[in-house]
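A short worksheet on the structure shown next.
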Ligand SMILES: C[S@@+](CC[C@H](N)C(=O)[O-])C[C@H]1O[C@@H](n2cnc3c(N)ncnc32)[C@H](O)[C@@H]1O
């Protein structure tokens, strides 16, 4: 291979060939998967795509993240660095404008006018934002691919903006990310450099607390100050499972082969959206949904509406818990803990898992469903090295191809001093608690195909821990 010094275009050429080969793979995979319905890859389409919520094959997932990573890296190589960094520095305005759009329900207001669109003067009356400012907010979003300017100042929905409709679970997720998480970013630098707050791992000393001047934790805020935002958090989890495609959770573990009467405790389960789908698909399984009282109350309504048959069959129980203070329901076969561990610093995760362990019979297992983080460098001797699958010259983590989990990691730090973890970190926590890593279900990149243009690519894994012979 020619060196970069003798051929300055080497990296560029390799990235272009990665783009070409990933596009070829994507086309062939789409063709194979999309046997029954017409495939419309236009961003103008507002119809749900047949593949949006489907678990897709590993080959397609790899091709999607390679494409996203390569396109971004190509731009970084050829564009002037000052331009790239200046653009990056202003990217929070994308979040700010998305927040304006969900707060004022722009997508819902545009729905009746369909593809012909609505003039900003009319949209202004429905949103309460003056026309000129509203159009400028939407123009930034349209520049990023969300909403369509049909003709000057006439706005319509498109494939991305329909995810912001108020009844779409993604809109609650956007609300959470562009509000609590966004706010935490505004004081991240001053928090990290503060002698007291910087090193703190207390939940109530995160940058969100400084931004809000709130002394309690975010959880206290939801419970005591703003239950509506607390409810939105639970709705956002449903949205998040759409981003991750809950079908991947359904197919990523052999739920259907578990014996009759197997009980799954969905701990910190929120509305129990995922365990609900598991229970619907597997009539031999029982679910014990445990969460804080207010969330459990809403979860009960949610199941009554969306899974009445499971409720009537008595296959689900709703049980309040404070998992920091109490052990969950004793004697369940699986303790399914999804996107909970990343909400807590290590010492609290250890407390939660110790409480779980108290309830575990010897055959019970803990299933942790979380992102698995990777370093941006590659150490072939590290026990995390098996994750480094990205083709060079991409970062081992695929760079932009997995950026969402890095956003979330810093977001968790910002709102509650918590984190996403590496494989070694999961293992170390299990060891601390006396839970042995039994196996790691093949780490999955779970791609929601809600946007083929800019596919959100995620890296998720189920880590299965089982109790060792000694107990706390
Ligand atoms: C990020 S959500 C995950 C929800 C769900 N597992 C999912 O993936 O959709 C975290 C959940 O932990 C719950 N939670 C927070 N603190 C808790 C506590 N002390 N005891 C029980 N549940 C708690 C929240 O109410 C919330 O439902």
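The values are calculated or read from the model by the stated rules, or taken from the named source; none is laboratory data. Owing to the predicted nature of the structure, the values given are computational and were not obtained by experimental measurement. Because the Cβ atoms are built from the backbone with ideal geometry, glycine has one as well, and the counts that use them run over all protein chains shown.
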- Item | Some residue of segment 189-202 being within 13 Å of the ligand (Cβ to nearest atom), under 23 Å from the mean Cα position of the chain (by Cα) and within 30 Å of residue 335 (Cα to Cα) | no
- Query: Failed condition for residue 353, given (1) part of a helix (DSSP H, G or I); (2) within 16 Å of the ligand (Cβ to nearest atom); (3) under 30 Å from residue 213 (Cα atoms), with all others met?
  - Reply: (3)
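Every residue, every condition in (1) within 30 Å of residue 163 (Cβ to Cβ); (2) in contact with a helix residue (DSSP H, G or I) (Cβ under 9 Å, 6 or more places away or on another chain), yes or no:
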| site | (1), (2) |
| --- | --- |
| 201 | no, yes |
| 218 | yes, yes |
| 259 | no, no |
| 263 | no, no |
| 268 | yes, yes |
| 271 | yes, yes |
| 278 | yes, yes |
- Which listed residue, of 217, 186, is within 12 Å of the ligand (Cβ to nearest atom) and under 24 Å from the mean Cα position of the chain (by Cα): 217
- If you go through segment 373-422, how many residues are assigned to a loop (DSSP other than H, G, I, E, B) and buried (at least 18 other Cβ atoms within 10 Å of the Cβ)? 12
- Within segment 173-251, which helices (runs of 4 or more DSSP H) (wholly inside it) include 1 or more residues that are under 30 Å from residue 58 (Cβ atoms)? 227-243
- Message: Would you confirm whether or not segment 110-128 contains a residue that is within 22 Å of residue 49 (Cα to Cα), assigned to a loop (DSSP other than H, G, I, E, B) and modelled with pLDDT of 95 or more?
- Response: yes
- Task: Go through segment 255-295 and count every residue that is in a loop (DSSP other than H, G, I, E, B), more than 10 Å from residue 334 (Cβ to Cβ) and away from the ligand (no atom under 11 Å from the Cβ).
- Result: 6
- Go over the candidates 261, 270 one by one and state the one that is closer than 21 Å to residue 360 by Cα and either in contact (Cβ under 8 Å) with a residue 12 or more places away in the chain or under 25 Å from the mean Cα position of the chain (by Cα) (or both). 261
- Query: Do we have any residue at all in segment 297-305 that's more than 28 Å from residue 167 (Cβ to Cβ), within 11 Å of the ligand (Cβ to nearest atom) and outside any loop (DSSP other than H, G, I, E, B)?
  - Reply: no
- on the phi > 0 side of the Ramachandran plot, within 14 Å of the ligand (Cβ to nearest atom) and touching a helix residue (DSSP H, G or I) at 6+ places or on another chain (Cβ under 8 Å) - does that describe any residue in segment 327-341? yes
